[in-house]
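The values are calculated or read from the model by the stated rules, or taken from the named source; none is laboratory data. Predicted model only: the values in this text are computed from it and were never measured. Neighbour counts are summed over all protein chains in view; Cβ atoms, including those assigned to glycine, are modelled from backbone coordinates with ideal geometry. Side chains are part of the model used for accessible areas, which takes the heavy atoms of the whole protein and leaves out ligands, DNA and RNA. Shrake-Rupley method; radii C 1.70, N 1.55, O 1.52, S 1.80 Å.
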Amino acid sequence: MAGKARGRKSIFITGAPSGMGRETAKLFHGKGWFTGCTDVNTDGLKTLEQEIGTDNCMTRKLDVTDKRDFDAAIAEFAAETGGKLDMLFSNAGIGEGGWFEDIPYDAA
């Protein structure tokens with residue numbers, strides 16, 4: 001099985017190092033999921049990685065307003081999960097409401 005996820009369910013979380021993002025990462029880690037934890041707060045990401053373990057997550061600096069960087073982060077996550085993404089928790093940077101697929105990326 002490819003990457004650190006080793007076949008586990010996976011979740012990619014933006015805004016992961018604090019608040020709801022951090023609690024979401026801890027919740028899904030507790031259920032045995034592999035977590036992709038991203039944000040601009042690298043210190044917070046480091047402490048989260050220490051808390052849930054480096055084998056259980058991928059942490060990465062990501063500014064969600066940079067579409068190319070977002071795409072690169074998803075690609076790096078996919079490399080760890082064998083291309084699998086069970087859930088995306090978009091917890092950072094989206095300022096408009098509505099169905100996810102109807103909101104243009106530039107609205108972030």
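Between the residues N56, V40, N91, the greatest Cα displacement towards the positive end of the dipole of the chain, with unit charges on the Cβ of Lys, Arg, Asp and Glu, is found for N56. Based on DSSP H segments of at least four residues, each scored -39500 (n - 2.57), the chain has a per-residue ellipticity at 222 nm of -11000 deg cm²/dmol.
Once the Cα-Cα distance is subtracted from the 0.36 nm per residue extended length, the E23 to Y105 segment shows a gain of 27.0 nm. By accessible area, using a 1.4 Å probe on protein heavy atoms only, region 1-96 has 50% of its surface on carbon and sulfur. Residues whose amide H falls under 5 Å from that of C37, counting only those 5 or more places apart or on a different chain, are I13, M58, T59, R60, with hydrogens built in the peptide plane. In the chain, the longest principal axis of the Cα atoms and the axis of helix 42-52 are about 40 degrees apart.
Model label sites at I74 and T47, defined 7 Å from Cα along the beta-carbon direction, differ in position by 3.1 nm. Using Cβ point charges alone (K and R +1, D and E -1), the dipole size of the chain about the Cα centre works out to roughly 560 debye. Restricting region 5-108 to GluC sites (Glu not before Pro) that sit in a DSSP loop and have at most 13 other Cβ atoms within 10 Å of their own Cβ leaves E96. Axis of helix 67-81 versus longest Cα principal axis of the chain: the two differ by about 20°, to the nearest ten degrees. Taking Cβ atoms as reference points and 14 Å as the exclusive limit, the residues near M87 contribute a net charge of +3, counting Lys and Arg as +1 and Asp and Glu as -1. Based on protein heavy atoms only, the chain ends up with 56 Å² per residue of surface accessible to a 1.4 Å probe.
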